[in-house]
Amino acid sequence: MEKVNLVFGTVYGSAQFVAETLNDKIAELEYSVNLLQPTDLAGYVPSEDELLIIVTSTTGQGDLPDDIAQWFAELKSVAPYLPKLQYSIIGLGDSSYETFCGAAKQFNELFIELGAKSITKMLEIDACETMEPETEATQWIPAWHAAVQSLAS
């Protein structure tokens with residue numbers, strides 16, 4: 001059974017709700033899922049033999065939510081080399097802003113720098129198009145699951 005670590009950064013709670021919804025849906029696929037709270041992230045370096053999903057909203061001018069910014073800064077500072085880490089990112093944003101899904105894009109760039117491999121194209125959920133980002137994230141799970149299955153074969 002593959003282990004999946006879910007990390008989220010949120011301002012108003014939407015990214016947390018998406019992560020909690022994903023937690024339940026991915027567990028139904030018989031993965032072992034660990035939903036990490038932002039307060040659990042100090043010193044956390046993702047294990048390379050586990051999958052990672054990051055769900056984050058964007059605030060300000062493409063900035064990271066305060067609750068996950070410290071972890072981002074810590075990872076950037078420590079810069080662990082993670083060539084076997086496989087990850088996916090879901091960004092929540094508003095396309096009326098120039099910095100649409102800026103926090104998710106920053107995380108993607110960071111994990112590329114750390115040598116990690118993205119297993120899916122980043123999912124960008126636009127608040128201008130949907131009022132229920134958890135629905136779009138749930139619809140993304142089959143593609144994520146297929147990508148994970150292809151890694152195992």
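Structure above, values below:
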read-out: Subset of 3/76; 3/117; 3/105; 25/105; 84/121 violating a 19 Å alpha-carbon distance limit; value: 3/76; 3/105; 25/105
read-out: Phi to ³J(HN,Hα) by Karplus 6.51 cos²θ - 1.76 cosθ + 1.60 over the range 29-38, Hz, x for Gly, Pro; value: 8, 6, 8, 8, 10, 10, 8, 8, 6, x
read-out: Nitroxide proxy distance, nm - points 7 Å out along Cα→Cβ at residue 99 and residue 145; value: 3.6 nm
read-out: For the chain, alpha-carbon Rg relative to the globular expectation (2.2 N^0.38 Å, N residues); value: 0.96
read-out: Exposure rule at most 15 other beta-carbon atoms within 10 Å, DSSP loop chymotrypsin sites (Phe, Trp or Tyr not before Pro): the chain longest free segment; value: 98-153
read-out: Within the range 23-153, percent of DSSP bridges classed antiparallel, to nearest 5; value: 5 percent
read-out: Rounded percent of accessible protein surface that carbon and sulfur make up, the chain, 1.4 Å probe; value: 49 percent
read-out: Part-to-part distance (alpha-carbon centres) for the range 68-132 and the range 24-54, which is given in Å; value: 15 Å
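The values are calculated or read from the model by the stated rules, or taken from the named source; none is laboratory data. Computed from a predicted structure; not experimentally measured. All Cβ positions, even for glycine, are placed from backbone atoms using ideal geometry, and neighbour counts span all protein chains on display. Just the protein is used for accessible areas: all its heavy atoms, side chains included, with ligands, DNA and RNA removed. Shrake-Rupley method; radii C 1.70, N 1.55, O 1.52, S 1.80 Å.
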